[in-house]
Amino acid sequence: MSSRLHITLATTALVLMFSANPVTARAQQKLVTADQAQIVDTVSTIFTAARTDDVAKFDSVIASDFYIYDGGARFNGESIMAFIKAQHAAGKRYEWKVIDPDVHVGGNTARVAYVNKGSITDASGTVNQNWLESAFLEKQAGTWKIVFITAPASPWHLKTIMTNDIEALTERIGGDFSGLKTQQHFARVSAGCAEPALQNIAGDF
């Protein structure tokens, strides 16, 4: 075999090798993109379900051991839906939309940070909110399921917790405590300590 033929075969092999690699890379990228899209859709679905009190849809996208930290409290799937239903019954309405998702996939697990852009509406009007949240997901039988969500309390949420604490204290020991050192106790609540904050308020008297 001549040296010229050797060079031709070697060149052909290199061309095939380098032309195949971009195809493989593009296929891998499409797979990651498909996972990312499904993850964002899964997280969005949980909010759609919560907004419409659709327990079946909510349960379809969460893992059996799902839980959420919301406003300093821990809820499982059943308790968070019960809480939201109670809020709806009290006249509150929520809007949620997942924007700017940052998704990272590693095998059968994934994490996503996102902005939850929405609003809270009640008899006093509508308050727009942006919650900075994150979620951990696991692929189970080929489908992404939400295992955990963390949702820090918004200022509106803290005010609601504080109002509820003051009302509970009023019922417990009587009197009007609406003029308490609000900002000081907001700080205590913001650390996720609603009940300790209530105990601290009671200790002031």
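No value in this document is a laboratory result; all are computed from the given coordinates. Computed from a predicted model, the values in this text were never measured in an experiment. Heads up, the Cβs are rebuilt from the backbone with ideal geometry, glycines too, and the neighbour counts pull from every protein chain shown.
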Computed lengthening from Ala37 to Ala82, 0.36 nm per intervening residue step minus Cα-Cα distance: 13.3 nm
Compute the projected area of the convex hull of the Cα atoms of the range 27-152, averaged over all viewing directions, and report it in nm² to one decimal place. 7.7 nm²
Total charge of the residues flanking Asp53 in space, meaning their Cβ is under 15 Å from its Cβ, with Lys and Arg +1 and Asp and Glu -1, is +1
Taking placed amide H atoms and a strict 5 Å upper bound, the residues 5 or more places from Gln129 or on another chain that come that close are Gly118, Ser119, Ile120
What is the sum of charges, Lys and Arg at +1 and Asp and Glu at -1, for the other residues whose Cβ falls under 13 Å from the Cβ of Val98? -2
Amide H to amide H under 5 Å from Ile62: which residues, 5+ apart in sequence or cross-chain, H placed 1.01 Å off N in plane? Ile146
Whole-percent pair-distance distribution, where bins are 10 Å wide, for the alpha carbons of the range 39-110: 17, 50, 28, 4, 0
